[in-house]
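Reading through the C-alpha cells given below for one structure.
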Amino acid sequence: MRLSGEGLILRDWTEADLPAMPALFDHPDIAYWTPIVSPFDDAAARARLDRDRQLRADGTAILLAITTDGDAPLGEVMLRRTPDAMEIGYAVGPAHRGQGLAVRAVRLMTAYAFDRLDASRVILELEAENTASVAVATKAGFTLHDTPLITGEEKGRPYTLQTWTLPRP
C-alpha cells in the first residue's frame, strides 16, 4: 500500500526498515504515550513488522511508514476500524519531530479513510496532557468530542483518553 500527498509518501513497512525502527520507536516519549513496547530493540522491530502484517491480513488495521521520499521511515501512522468510526494513531521518531509529519500523515490517512473506506468519521484518542498530540489533532482539523473519557492502565500506568473527531465532510 502506498499513499501520496501532503508532501509525504505513506507506505508499507518492509524487511529493509527493520534496522531503522529502534531509532524511531525506542524513546521515552513513545514508551510513555503509546502502546508501543519499550525497550524497542531489533526483536521488537521484527515482532512489530509481523504484527503489522497480521493485522492487515485480518482486516483490522493498516500501519504505514511515514516518509517524505518513499524510502527512509520517519515514523508510523495507523488506521483501524472501531465499531462506529475509523481511528488513527501515529508516532514520529524523535529526530524527525517539528516538521509537521504527524499532522500531514493524519490528514492523508483521514482522506484515505473518507475517500476509499467510506468512513463516516475519523477519531483520535489522546491524553489531554499529551500537548504535542493535542496540537496535531487541532492542526489536522479534529475537535474534542463530548463523549465519556476512556480510562485504563497500560505499562503499569493509568491513562485517560479524550476522543477527538472529524466527521465526513
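The values are calculated or read from the model by the stated rules, or taken from the named source; none is laboratory data. Keep in mind that what you see is a predicted model, and the values were worked out from it rather than measured. Virtual Cβ from ideal backbone geometry, glycine too; neighbours counted across all protein chains shown. All accessible areas refer to the heavy atoms of the entire protein, side chains included, with ligands and DNA or RNA removed. Shrake-Rupley method; radii C 1.70, N 1.55, O 1.52, S 1.80 Å.
Below are the figures for this structure:
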| quantity | calculated |
| --- | --- |
| Neighbours by Cβ (under 8 Å, 6+ apart or cross-chain): first from the stretch 61-73, free of Cβ contacts under 8 Å to residues at least 40 places away in the same chain; second of a type in the set (A, V, I, L, M, F, W, C) | 61/55; 61/78; 61/79 |
| Residues (open to solvent by less than 70 Å² (accessible area, probe 1.4 Å) and either part of a helix (DSSP H, G or I) or of a type in the set (Lys, Arg) (or both)) located in the stretch 44-65 | 44, 45, 47, 48, 49, 52, 55 |
| Residue list for the stretch 33-67, restricted to those being of a type in the set (Ser, Thr, Tyr), modelled with pLDDT under 95 and under 18 Å from residue 109 (Cβ atoms) | 34, 60 |
| Unique match (being of a type in the set (Val, Ile, Thr), surrounded by 17 or more Cβ atoms within 10 Å (Cβ to Cβ) and at pLDDT 95 or above) among 30, 9 | 9 |
| Close pairs (8 angstrom Cβ cut-off, 6 or more residues apart or separate chains): among the small types (Gly, Ala, Ser) in the stretch 151-169, exposed (fewer than 10 other Cβ atoms within 10 Å of the Cβ) anywhere | 152/158 |
